[in-house]
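Notes follow once the structure below has been shown.
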Amino acid sequence: MSNYESIRGTRVKYLTSDPTLNSSTEGQVWYNSTTGTNKALVQIKAWSSSGALNTARYTLAGAGTQTAGLAMGGSTPANTDATEEYNGFNWSTGGSLNTARSKLAGAGTQTAGLAFGGQPPITGATEEYDGSTWTSNPTGLNTARSYLAGCGTQTAGLAFGGATAPPFPSNLSNSTEEYGGSAWTAGGNLGTARYVLAGGGTQTAGLAFAGQTSTARTAGTEEYDGSAWTAGGNLSSAKRQLAGSGTQNAGLAFGGETSTSANLVTTEEYDGTVWSSGADMATARRDLAGAGTQPASIAFGGYITDASSLTEEYNSNINAITQAAWSSGGNLNLTRSNTKGGGIQTAAITTGGQTAPGSPTGFTVRAETETYDGTSWTEVGDMSNARREFSAFGTQGAAVAFGGENPGDATLNATENWNGSSWTAGGNYPVEIFLQGSAGTQTAGLGIGGSVPGGPTNLTCEYDGSTWTSTAPGGNLGTSRYGLEGAGTQTAAVAFGGSPPRTGLTEEYDGTSWTSSNTMNANLRAMGGAGIQTAALSFGGAPGDVTTTEQYNGTSWVTSANMASGRSYLGGCGTTAAALAMGNGSTPTAEEFTEGTEVVTASTLTTS
């Protein structure tokens, strides 16, 4: 009998603990003598669910990446001109196509997309997307067709295959066309005319696979070098109406249907020579779209028993990936908006706010305070001053509330300190203020901007637990605004959002002065906030009640998972890893945020 050493020439490593797990360890096998297990670091391949399309559809086209995807056209079953943009978590509405159509192809990126072909009627129409608007090119495909495939970029696109006229599968095309940014020119023909195929790659290194010929579904693959197609390795089975992504040497094929018309969940990976199995999708479907790379793709839309809005992400790497997400927390005892608080996700406090006109108590400005243990809310001592549109900061055992409006609509400059059981008066704010931001702790707090009787202000004030001090003019915000949010400490804070006009402006404070940073992706006010200067979170906000979440790393903002309920004028606390949103006016439910993670994990090898 052969043994491992004679086959491989190397013994399995005998270690007392696992080695450092990173890309250099991938593929290694070792024996951990402490745990008595054989272990290895292997590539993890998996699909995971993500945010659904706003418009369920099939025979649509896709472009872009896993974190910046583009969906265009399709059947609902009616033809649609809808465009949607994906941010890695959720889809939002983009500019409409000029020609509503299905069975089209796409290429490019979210901010430089390309849509071409489709039906009905069968067309060669070509449109370019700039991230907000589609512009029609009067010079369309030379061969009008539908059910075609595409790849490449907006200025170097590739169109191949498809059907030129019904009935299908007659009148199939093997034509290839190259787009240079203004017009299509003929390229080398496919070896096999086919439609409902998939593709990937670039104009000079394209990949075409699967589809339907005039007689049957095919597993055939062809590779393009910029002038001619040559045969590549076959897929494991013949299929059509699938989606694809990736490159010529690292392609991905997923979904579709078989010769028995059964929808597929299967995924296959191409290495430039052969196809091998990847992880199955959660939901079998055909006529879907895809985008991204082989190790990081996205599948969206398609047909199950009707039009689908489902989105799934494919990841193939050594990390176990958990998506960021919001989940329901405990219900507040008093449903209200304009509440503020502090603390962490498992030890929070919220106070004040207002109840809605249609609530059991009617419109009333409130003083009630509640604490949260990570599961449920408990009523504790009321503030002395009922208030709304105020700000608060600190912890569950040592919080500060200041400013705001009272039932008579007069502004307040009163400050109250919370000691874990009751509120007591603190030093008054230098001016009457409301809709201000804040940060810090009870003994080292910060008041940021807001609205005074004369309008928006850039005032910055520091609190020492008993007295507020106005900073020098150099310490004021660069831009006066109210409805903004803050996070961090007295000497390392970040302020973001606000109005007027509604803005995504971001500024950082070092204890002496404010400096501008990169703006948020959305212009918002009345958000909730959490975190510190180098790791902040913004969620919810106005106009309207939005579900938007953005994460700041000290330099720039990126979009994260949407909240379950749209809300504005809410309270927030915690960290970017574990934040808490509370209050809204229409729902008593708090929401808990968990940051996404990527963890390298070694697998334990077993025998059977």
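Readers should treat all values here as calculations from the given coordinates under stated rules, not as data from a laboratory. The model shown is predicted, which means the values in this text are computed figures rather than measured ones. Positions of Cβ are backbone-derived with ideal geometry, glycine not excepted, and every protein chain shown enters the neighbour counts.
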Relative contact order for region 138-258, counting Cα pairs under 8 Å that sit 6 or more residues apart, in percent: 20 percent
Three principal axis lengths of region 366-459 [C-alpha, angstrom, descending]: 41, 29, 23
Rh by Kirkwood over Cα pairs, then Stokes-Einstein D for region 46-317 at 1.567 mPa s and 4 °C, µm²/s: 75 µm²/s
Kirkwood-type radius of the chain, with distances r between different C-alpha atoms, in Å: 26.7 Å
For region 500-549, diffusion coefficient by Stokes-Einstein and Kirkwood Rh (Cα), 25 °C, 0.890 mPa s, µm²/s: 209 µm²/s
Region 371-514: relative contact order in percent, alpha carbon pairs under 8 Å with at least 6 residues between: 16 percent
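Once you have a ≥ b ≥ c as the square roots of the Cα gyration tensor eigenvalues for region 104-217, tell me rounded if a/c is under 1.5, and otherwise prolate or oblate according to whether a/b is larger than b/c.
Numbers: a/c = 1.92, a/b = 1.50, b/c = 1.28.
The shape class here is prolate.
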Neighbour net charge for ASN79 - beta-carbon separation under 13 angstrom, K R +1, D E -1: +2
Mean separation of Cα contacts under 8 Å (6+ apart) over length of the chain, as relative contact order %: 10 percent
Pair-distance profile P(r), taking every C-alpha pair of region 328-594, with 5 angstrom steps and integer %: 1, 7, 16, 21, 22, 18, 11, 4, 1, 0
In sequence order, calculated HN-Hα J values of region 421-426 (Karplus, 6.51, -1.76, 1.60; Hz; x Gly/Pro): 9, 7, 9, 10, 5, x
In nm, spacing of pseudo-spin labels at TYR31 and SER170 (7 Å Cα→C-beta vector): 7.0 nm
Cross-link partners of LYS13 among aspartates and glutamates (Cα-Cα below 18 Å; sequence separation of 8 or more within a chain): GLU5, GLU26
Percent of C-alpha pairs per 5 Å bin, region 100-140, short to long: 7, 25, 31, 26, 9, 2
